[in-house]
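The values are calculated or read from the model by the stated rules, or taken from the named source; none is laboratory data. Here the structure is a predicted model, which is why all the values come from computation and not from measurement. As a convention, Cβ positions derive from the backbone with ideal geometry for all residues, glycine included, and neighbour counts pool all protein chains shown.
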Amino acid sequence: MRGLLRKDLELARLNIKIWRVLFLVGVLYLFSGKSMDGGSFFTAYVMFVSIGLSAGTISYDTSDHGMQFLLTLPVTRREYVKEKYLFCIGLTAVLGVISMLISMLVYRKVNMELLVSAGAVFYCAILCLALMLPLRLKYGDRVRILMGGLAVAVFAVIALCNEILQKLHINGNVEDFSFARNRAWIAVGMVIVCVGCLGISIKSSEHIMEKMEEF
């Protein structure tokens with residue numbers, strides 16, 4: 001599995017120009033904003049771009065019958081699937097933390113709203129990954145349009161929720177919610193749902209890989 005991780009990291013390095021361009025777009029929005037909303041968008045943007053690009057390494061693996069070569073190595077199909085989840089989640093988490101720190105440096109303050117927003121976005125990103133990887137393994141690049149639409153829908157929901165919170169003058173203060181005293185249980189429930197979805201997704205991806213004969 002370590003070899004597969006090195007391969008994907010090398011693929012990310014080779015595509016550094018694409019990463020730079022997409023990162024620059026987010027940075028421009030970050031510096032154009034006048035409040036922490038720009039930081040929240042920047043963090044969300046980086047996380048979802050990371051999920052999309054890291055999951056896109058499957059396309060490189062399957063091009064020119066590359067998967068057939070990979071499976072001649074001492075790596076099982078199940079290990080390939082687990083490595084892909086580990087790579088996508090790990091890269092998204094690292095870049096998400098970096099983008100959050102950049103946002104804090106730009107606005108020169110540690111904002112609880114940004115931390116809560118980043119956690120919520122990471123949660124949504126993991127759920128999107130749980131849906132995306134099995135579909136990518138099953139249908140390949142044909143699922144890109146669907147994933148693009150899903151990403152747009154997620155951003156729209158985040159923006160709508162942010163507008164609602166601002167109109168209600170909640171502005172990210174968790175203590176203003178009526179369920180504040182139960183937030184620990186809510187967090188635990190969200191983690192359980194996330195882990196459950198990931199488990200189902202991994203098993204589905206393993207099943208797809210085991211049944212796959214041609215790449």
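Among the candidates 116, 49, 94, single out the residue that is of a type outside the set (Asp, Glu), assigned to a helix (DSSP H, G or I) and at pLDDT 90 or above. Steps first, please.
Working: 116 fails: at pLDDT 90 or above; 49 fails: at pLDDT 90 or above.
Step by step, each of 116, 49, 94 is checked, and only 94 is of a type outside the set (Asp, Glu), assigned to a helix (DSSP H, G or I) and at pLDDT 90 or above.
Taking residue 108, is it basic (Lys, Arg) and either within 15 Å of the chain's Cα centre (by Cα) or on the phi < 0 side of the Ramachandran plot (or both)? Walk me through it before giving the result.
On the way: basic (Lys, Arg): yes; either within 15 Å of the chain's Cα centre (by Cα) or on the phi < 0 side of the Ramachandran plot (or both): no.
Answer is no for this residue.
Being over 13 Å from residue 102 (Cα atoms), of a type in the set (Gly, Ala, Ser) and surrounded by 14 or more Cβ atoms within 10 Å (Cβ to Cβ) is the filter here, so list the residues in the range 1-43 that pass it.
Matches in the range 1-43: 12, 33.
What are the residue pairs meeting all of these: first residue in the range 66-94, first residue within 30 Å of residue 119 (Cβ to Cβ), second residue part of a helix (DSSP H, G or I) and among the polar types (S, T, N, Q), Cβ atoms under 7 Å, and 6 or more apart or on different chains?
What qualifies is 81/205; 87/54; 88/54; 91/50; 91/54; 92/50; 92/54.
Conditions (1) surrounded by fewer than 20 Cβ atoms within 10 Å (Cβ to Cβ); (2) modelled with pLDDT under 85; (3) part of a helix (DSSP H, G or I), marked per residue:
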{"site": "65", "(1), (2), (3)": "yes, yes, yes"}
{"site": "72", "(1), (2), (3)": "yes, yes, no"}
{"site": "83", "(1), (2), (3)": "yes, no, yes"}
{"site": "101", "(1), (2), (3)": "yes, no, yes"}
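How many residues, within the range 110-123, are farther than 12 Å from residue 43 by Cβ and either in contact (Cβ under 8 Å) with a residue 24 or more places away in the chain or surrounded by 21 or more Cβ atoms within 10 Å (Cβ to Cβ) (or both)? Walk me through it before giving the result.
Initial filter on the range 110-123 (farther than 12 Å from residue 43 by Cβ): 110, 112, 123.
With the extra rule that they be either in contact (Cβ under 8 Å) with a residue 24 or more places away in the chain or surrounded by 21 or more Cβ atoms within 10 Å (Cβ to Cβ) (or both), the set shrinks to 112, 123.
The total comes to 2.
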